[in-house]
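Colleague: Pasting a structure here, questions to come.
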Amino acid sequence: MIFGPQRRRRAAQFLMPAGSAALFFMGLVAISVADLFFLGRLEAGEALAAHAALGTSLLFLWALSALVVPTALIPFDGDWTDTDERPKSVGEVFFNRHLVVLALATAIAAAAWKLIPTAFSIISAQPDLWELGIPYTRLRLIGLPLMAIFVAYRGFLDAVDGPVPALCFCLTINVFNVGLNALFMWLAGATTQDSLEAVAMASTIAMAAGVAAMVAWSIRPELRERVRWYSPRHFDWRMCWRISKANPAAAAGGLVLLTGATMTLYVVNLADESARIAAVDSARHAELIIISLTDWETVAPDWPARVLVDDWIRNLALSRPPLYLAGTTVVLAVLSTLLSAAVAVGHFTVARLRKIIAVEDYRGADERCWKDLALTLAIVSLGALPMLLFPSATLRIFTSDPEIIAATAPALRLMAAQLPLAAMATILWFANIGVGQWRFALGVAGVTAATMVPVTNLFALVFSIGFMGIWWGLTVIIAGAAVALAFNFWFGFWKPFDA
């Protein structure tokens with residue numbers, strides 16, 4: 001039988017751990033996408049400014065999350081014992097892992113609180129963007145430790161209850177977040193800053209509610225009778241140290257890649273500035289035409305009409321909204337939901353490959369990698385298909401601004417077409433880490449991040465392709481990284497010569 005019991009059981013064993021993690025992470029990213037959706041209901045000009053600030057903030061937050069999430073995803077069935085110690089219980093791993101995750105996330109959020117204004121000033125020279133983005137980012141930073149604990153609880157619930165409760169909690173906080181967004185946007189003032197702060201508070205409160213619900217679930221009587229999760233007697237500084245350094249390559253690589261992606265916003269701002277200069281040049285050209293039709297040379301320089309034209313040109317230069325930055329925000333937010341699924345599967349790939357390599361089953365490691373890659377490509381390709389076929393309709397879900405839709409639809413179609421390639425690069429990057437090729441993986445991550453700004457600048461400004469040049473540059477970079485990672489894994493440089 002094609003769908004016999006044995007095949008169904010094997011499919012469930014293959015899909016459930018990684019597939020449930022992918023759905024869970026897509027749900028986490030959906031919280032930020034909900035912010036984008038509600039801000040898209042603002043007036044056209046306000047939505048542009050809000051989207052520009054939101055996009056810069058989200059990339060900062062995702063880069064910081066990359067430092068915490070690998071630790072929060074450490075499996076409970078790892079070897080956390082010394083040779084002369086008894087095996088550690090789930091409760092002991094739970095207490096020490098959550099302690100490490102909370103301390104790490106709190107320290108990162110505290111440091112970022114001070115550094116966020118400097119980061120905004122590097123990305124953009126527009127004070128309006130700083131005024132909108134910095135308060136939003138700081139409000140979301142309050143939720144960073146909550147997010148880390150929420151992710152850590154997912155592994156705990158998987159260990160004791162299976163994947164269903166964690167997925168239910170993730171769905172619940174998304175519904176709660178949508179309700180809070182609707183309420184707070186209705187209560188917020190008329191300014192764009194009020195709206196941004198409203199959606200930031202909604203996301204933070206929803207995450208806090210999710211953590212509270214998971215804590216309540218973890219102390220229900222049937223679990224409390226089995227083991228005391230929160231006992232201080234479980235503290236073991238040796239285990240905390242081993243947990244904190246269990247996934248340094250994944251954390252460092254994720255931070256490097258997302259920092260490079262964040263710096264790409266600098267090129268987007270340059271493209272916005274170039275478009276602003278072009279608009280001013282067009283206005284100056286119009287002024288010259290007016291001069292040629294009148295006898296301004298014989299008129300005093302302070303003639304009211306001349307002053308009016310000069311004021312119009314100055315206002316045009318200062319008031320043009322960051323259209324390309326707002327469009328980039330929409331594209332990245334839409335794509336990040338699917339890429340988060342690849343990241344989730346990738347973390348599972350690392351854990352599985354390490355176990356397989358430990359018993360020197362190199363053929364099994366090969367099979368595990370390609371199976372995880374097939375699952376990821378299936379999820380990402382299905383999700384990218386509507387964006388590829390109907391980019392404008394997809395964008396209308398998140399913004400009603402016709403300028404953003406017109407400028408961004410070609411970019412979304414291009415990125416949707418190459419999204420399976422990005423997912424492939426993500427899985428193979430994690431796979432190389434899992435088989436011990438972490439130096440090569442970090443090297444690829446470093447080269448990729450270092451080339452993002454110059455390559456996108458080359459395509460966008462040097463080749464004069466404009467906004468689309470940024471996305472063509474990113475496509476070239478992603479393709480190069482995917483080829484390098486696939487070459488290294490496929491040809492088995494991580495295997496012994498006799499394997």
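Colleague: Grab the Cα-Cα distance for residue 164 and residue 382, subtract it from 0.36 nm times how many residues apart they are, and report the gain in nm with one decimal. It would help to have the intermediate numbers written out before the result.
Modeller: Numbers: separation 218, 0.36 × 218 = 78.48 nm, distance 2.27 nm.
So the extension gain works out to 76.2 nm.
Colleague: Using the basic label-point model (7 angstrom from Cα toward the beta carbon), what is the residue 220 to residue 125 distance in nanometres?
Modeller: Between residue 220 and residue 125, the simple spin-label model gives 5.8 nm.
Colleague: Any idea how far apart residue 208 and residue 183 come out in nm if each label point goes 7 Å out from Cα toward Cβ?
Modeller: It works out to 1.3 nm between the two label points.
Colleague: Tell me, what is the FRET efficiency for residue 392 and residue 468 to the nearest 0.05, using R0 = 25 angstrom and their Cβ-Cβ distance as r? Numbers along the way, then the final one.
Modeller: Working: r = 15 Å, r/R0 = 0.62.
That gives a FRET efficiency of 0.95.
Colleague: For residue 252, what is the net charge nearby, where nearby means another residue's Cβ is under 13 Å from its Cβ and Lys, Arg count +1, Asp, Glu -1? Each step should come with its number before you reach the end.
Modeller: Details: positive: 245, 439; negative: none.
Residues close to residue 252 contribute a combined charge of +2.
Colleague: Can you tell me the length gained on complete extension of the stretch residue 487 to residue 107, counting 0.36 nm per residue apart and subtracting the Cα distance? Could you put the intermediate results ahead of the total?
Modeller: Values: separation 380, 0.36 × 380 = 136.80 nm, distance 3.81 nm.
Here the segment from residue 487 to residue 107 would lengthen by 133.0 nm.
Colleague: Starting from the Cα of residue 358, step 7 Å toward the Cβ, then list every residue of the stretch 231-256 with an amide N under 18 Å from that point.
Modeller: Output list for this probe position: 239-250.
Colleague: Separate question: Could you give me the ³J(HN,Hα) list for the stretch 139-144, computed from phi with Karplus coefficients 6.51, -1.76, 1.60 and θ = phi - 60°, whole Hz, x at Gly and Pro?
Modeller: For the stretch 139-144, the Karplus-derived couplings read 5, 6, 5, 4, x, 4 Hz, x marking Gly and Pro.
Colleague: Consider a paramagnetic label point 7 Å from the Cα of residue 37 along Cα→Cβ; state which residues of the stretch 384-426 have an amide N under 11 Å from it.
Modeller: 397-398
Colleague: What is the distance, in nm, between label points placed 7 Å from the Cα along the Cα-to-Cβ direction at residue 495 and at residue 479?
Modeller: 2.9 nm
Colleague: What are the ³J(HN,Hα) couplings of the stretch 155-170, residue after residue, when phi is run through the Karplus curve with 6.51, -1.76, 1.60 and θ = phi - 60°? Round to Hz, x for glycine and proline.
Modeller: x, 5, 5, 4, 6, 9, 10, x, x, 5, x, 4, 5, 5, 5, 5
Colleague: Against the empirical 2.2 N^0.38 Å scaling, what ratio does the C-alpha Rg of the stretch 14-246 come to? Kindly include the intermediate steps, with their values, before the conclusion.
Modeller: Details: Rg = 19.3 Å, N = 233, 2.2 N^0.38 = 17.5 Å.
Rounded to two decimals, the normalised Rg is 1.10.
Colleague: Ranked highest first by average number of other Cβ atoms within 10 Å, how do 325-332, 176-183 line up? Display every interim value, and only then the final one.
Modeller: Working: 325-332: 26.8, 176-183: 17.9.
Order by mean packing, descending: 325-332, 176-183.
Colleague: Residue by residue, what Karplus-based ³J(HN,Hα) values in Hz, rounded to whole numbers, does the stretch 433-440 have, using 6.51, -1.76 and 1.60 with θ = phi - 60° and x for Gly and Pro?
Modeller: Computed from phi, the couplings for the stretch 433-440 are 5, x, 9, x, 8, 6, 5, 5 Hz.
Colleague: Let me ask something additional. For a quick check: sort 362, 324 by the number of other beta carbons within 10 angstrom, fewest at the front.
Modeller: Values: 362 16, 324 27.
Ascending number of Cβ neighbours within 10 Å: 362, 324.
FYI, it's all coordinate maths here, none of it is from the lab. Remember, predicted model here, so these are calculated numbers, not experimental data. Here the Cβ is made from the backbone with ideal geometry for all residues, glycine too, and neighbour counts use every protein chain on show.
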